[in-house]
Amino acid sequence: MITIAVVLVSTRPGRRGAAVADWVMKHAAERDDARFELVDLAEFDLPDLDEPLPPASGRYTHDHTRSWARTVAGYDGFLFVTPEYNHSAPGKLKNALDRVHAEWHNKAAGFVSYGFDGGVRAVETLRPVLGALQIADISAQVALSMHHDFTDFTDFTPGEHRTATLTTTLDQLIAWSTVLAPLRTPA
């Protein structure tokens, strides 16, 4: 059975992403076609890229990078729960993506984004980055609006229709993660 990391991207105090990730995990737990685990970037000490060699070399010298590489390598796919900051993705996510290389290859990724416009611009900035890392990004996406899916811009209260969108996103993510499995298997 494949294992999907639900990556909680925001590390800010009072972050809204924790409630969104909990909602995703609640619905994912009802499935029997994949295992889902929460990966919280706030729990990883990932300073700005500090490796002396490019990540593509695969020769990591710092314990925090080796730990992150093991974490990424352990998953078949990723569902990024990400806010939009200034029409882009959070720097913490970009740093986490850039830190390791081959560990991302031949895996799939999807998005649950949130922001005033649903976080869609953050996702669009990430898609070419994922392509460079040989990650297949799926087209289905949950785009949560701070206006409609959060009460007073703080309490997460998604509309019922969001569950169907999440289901479609998980369906695609699991399908692509499964299809790519032979490429991840050593010869």
Point to revise | Matching entry among Tyr75, Tyr114 (being out of contact with any helix residue (DSSP H, G or I) (no Cβ under 7 Å at 6 or more places or on another chain), touching a residue at least 12 places away in the same chain (Cβ under 8 Å) and not basic (Lys, Arg)) | key: Tyr75
**Study point:** Unmet criterion (only one of (1) surrounded by fewer than 19 Cβ atoms within 10 Å (Cβ to Cβ); (2) within 30 Å of Asp149 (Cα to Cα); (3) modelled with pLDDT under 95) for Glu30
**Key:** (3)
Revision key, fill the gap. Within segment 1-27, restricting to residues that are among the β-branched types (Val, Ile, Thr) and farther than 16 Å from Lys92 by Cα, the one that is surrounded by the fewest Cβ atoms within 10 Å (Cβ to Cβ) is Thr3
Practice item. Just give me the residues in segment 135-165 being in contact with a strand residue (DSSP E or B) (Cβ under 6 Å, 6 or more places away or on another chain) and aromatic (Phe, Trp, Tyr), in sequence order. Key: Phe150, Phe156
Study note, to complete from the structure: Among residues of segment 130-144 being among the aliphatic types (A, V, I, L, M) and not in a helix (DSSP H, G or I), the residue surrounded by the most Cβ atoms within 10 Å (Cβ to Cβ) is Val142
**Study point:** Some residue of segment 63-79 being of a type in the set (D, E, K, R), touching a Ser or Thr at 6+ places or on another chain (Cβ under 6 Å), part of a loop (DSSP other than H, G, I, E, B) and within 18 Å of Ile135 (Cβ to Cβ)
**Key:** yes
Practice item. Could you run through segment 145-167 and say how many residues are among the charged types (D, E, K, R) and either touching a helix residue (DSSP H, G or I) at 6+ places or on another chain (Cβ under 8 Å) or not in a loop (DSSP other than H, G, I, E, B) (or both)? Key: 3
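The values are calculated or read from the model by the stated rules, or taken from the named source; none is laboratory data. If you're wondering where the values come from, they're calculated on a predicted model, not measured in any experiment. As a convention, Cβ positions derive from the backbone with ideal geometry for all residues, glycine included, and neighbour counts pool all protein chains shown.
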